[in-house]
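Enquirer: Okay, handing you the structure first.
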């Protein structure tokens, strides 16, 4: 059976060890977390976790959701996979760059509205933001130039406000 990707938005108390307990819950049950981002919210006592996990069906996802709610520090959990949400990821990409290919790399950076954040004789570091497909597309175009390193944040997401809210 094919697994499907689900994006979960989890509000938790901003306490030490909360992230470790959530990750442990998934790993003990053999689930793979494909993306994980965590940070404080507008209230410093609360953190938002955006977690992308693979599940075969809704029952499997419901089972893990119930387990998460049993953790004392979990305030709210929402599966926002099908919601109208803004999703972004950040990638830093170190690419081999010299005088012969610099203009081509700059064109790609410009097309994707990315930024050059560091330049040296041997290469550049590019900052790209967007959804996962956009990040993958820029990586695919930069790969022939020689990608040296990649650092990706994982997905962060917020559900859009409804009209009038």
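Enquirer: How big is the Cα convex hull of the chain in projection, averaged over all directions, in nm²? Can you show the working numbers first?
Expert: Details: hull surface 50.1 nm².
Averaging across all directions leaves 12.5 nm² for the Cα convex hull.
Enquirer: Quick one: Cα centre-to-centre distance for the range 1-55 and the range 137-153, in angstrom?
Expert: 26
Enquirer: If the chain between residue 86 and residue 147 were fully stretched, how many nm would it gain, using 0.36 nm times the residue separation less the Cα-Cα distance?
Expert: Length gained between residue 86 and residue 147: 19.2 nm.
Enquirer: Working from Cα positions, state the angle (0 to 90°, nearest 10) between the long axis of helix 132-142 and the longest principal axis of the chain.
Expert: Helix 132-142 sits roughly 20 degrees off the main axis of the chain.
Enquirer: Could you list 35, 120 in order of exposure, starting from the residue whose Cβ has the fewest other Cβ atoms within 10 Å?
Expert: The order, fewest Cβ neighbours first, is 120, 35.
Enquirer: Any chance you could give the angle, 0 to 90 degrees and rounded to 10, that helix 102-111 forms with the longest Cα principal axis of the chain?
Expert: Value to nearest ten degrees: 40.
Enquirer: Moving on. Quick one: helix 58-69 against the long Cα principal axis of the chain, what's the angle to the nearest 10°, folded into 0 to 90?
Expert: The answer is roughly 80 degrees.
Enquirer: Applying 1/(1 + (r/R0)^6) with R0 = 30 Å to the Cβ-Cβ distance of residue 111 and residue 79, what FRET efficiency is obtained, to the nearest 0.05?
Expert: Details: r = 34 Å, r/R0 = 1.12.
The computed FRET efficiency comes out at 0.35.
Rule-based calculations on the coordinates, nothing more; no lab input. Quantities reported herein were computed from a predicted structural model and do not represent experimental measurements. FYI the Cβ positions are ideal-geometry reconstructions off the backbone, even for glycines, and counts take in every protein chain you see.
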